[in-house]
Amino acid sequence: MKRYSQQDARWKNKLLGNSDLTIGNYGCFLTCFSMLLEVEPDKVNERVKTFGGFSGALLSAGVVPNVYPQITVTQTWCTNNPAPLDVIDKALGNRQPVIVQVDTSPVPGIQSHFVILTGKNGNDYSMVDPWPLVDEPPATLLGRYGKGRDAKTIITYIAVISGIVLDKEQTTEVLPSNKPVINSDVVTVVSNWVSIRRKPTTVGNEPVGKALYGMDFQKAGDKLPRTGTVKGWQPVIMYIATGQDEDGDYLE
């Protein structure tokens with residue numbers, strides 16, 4: 001498996017399927033398949049389109065094997081019923097990857113997101129999440145999305161992928177700390193939150209706000225690295241209500 005993020009600047013702004021929605025915002029299911037196929041999401045997107053695999057932005061998992069015949073997909077829908085975890089456990093026991101749709105929030109309705117499950121840990125599952133640029137702990141299903149609920153409650157769809165064998169020990173990119181990540185000219189927050197301060201110090205410089213998980217900021221300065229994990233203070237450009245930008249804010 002090759003890890004991709006739907007937030008990667010190379011494809012995040014490209015249109016998903018036959019829609020005006022972007023891969024960055026709505027391409028989690030596509031990116032899950034891309035990781036398993038080890039083909040970049042924008043390339044999978046275009047190829048599946050030629051096979052009629054999209055209805056608007058909705059990717060039909062049943063069409064993917066027509067495009068990539070090395071795999072088969074067995075689907076189980078469980079939107080209105082507890083998820084059959086035995087289906088997932090059997091597949092993982094056979095070292096088959098499983099893509100699941102998860103309800104990420106306990107608020108009414110389904111807050112849909114897709115992830116790849118790679119193993120079982122007690123009542124939880126290890127996963128590869130296509131959302132963050134660089135994944136970080138807790139990279140488990142319940143650790144990140146459970147929010148007091150169990151797996152059979154938050155899983156609403158299961159796709160068992162045959163033809164791809166999981167490594168005995170799956171590894172994902174894990175941050176050594178909770179620092180933001182630079183990708184091209186964008187700084188992305190990959191921890192739960194980091195403070196925003198006017199100066200690169202905590203002494204006499206109270207936070208003016210918080211940057212939450214998944215938020216992007218334009219990088220300020222031309223002598224900083226273009227990629228990688230931020231070390232120390234990161235100057236960023238903040239966009240204010242007038243539409244103007246304001247330099248001089250920092251992520252710690």
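Of note:
- Stretch gain in nm, segment residue 201-residue 87, where the contour uses 0.36 nm per residue and the Cα spacing is subtracted: 35.9 nm
- FRET efficiency for residue 237 and residue 51, using Cβ-Cβ distance with R0 set to 51 Å, rounded to 0.05: 0.80
- Taking amide H positions as modeled 1.01 Å from N, with prolines and chain starts lacking one, the residues under 5 Å from residue 118 and 5 or more places away or on another chain are 126, 127, 128.
- Amide H to amide H distances under 5 Å link residue 22 with 16, where only residues 5 or more positions off or on other chains count and H is placed in the peptide plane.
- Calculated FRET value between residue 2 and residue 162, using beta carbons and R₀ = 25 Å, to 0.05: 0.85
- Förster radius 51 Å - calculated FRET efficiency between residue 72 and residue 107 (Cβ-Cβ, nearest 0.05): 0.90
- P(r), alpha carbons of the stretch 53-159 - 10 Å bins starting at zero, rounded %: 14, 47, 34, 6
- Among 78, 32, the order by Cβ neighbours within 10 angstrom, fewest to most, reads 78, 32.
- Neighbours of residue 16 by Cβ distance under 13 Å: Lys/Arg scored +1, Asp/Glu scored -1, total 0.
- Amide hydrogen neighbours beyond the local backbone of residue 157, cut-off 5 Å, H modeled: 78, 101
- In order along the stretch 103-111, phi translates into HN-Hα couplings of 7, 7, 9, x, 5, x, x, 9, 8 Hz, rounded to whole numbers, per the Karplus curve 6.51 cos²θ - 1.76 cosθ + 1.60 with θ = phi - 60° and x for Gly and Pro.
Throughout, read-outs are computed from the coordinates displayed, never taken from laboratory work. Because the structure is a prediction, the values reported are computed rather than measured. Cβ sites come from the backbone with ideal geometry, for glycine too, and all protein chains shown count toward neighbours.
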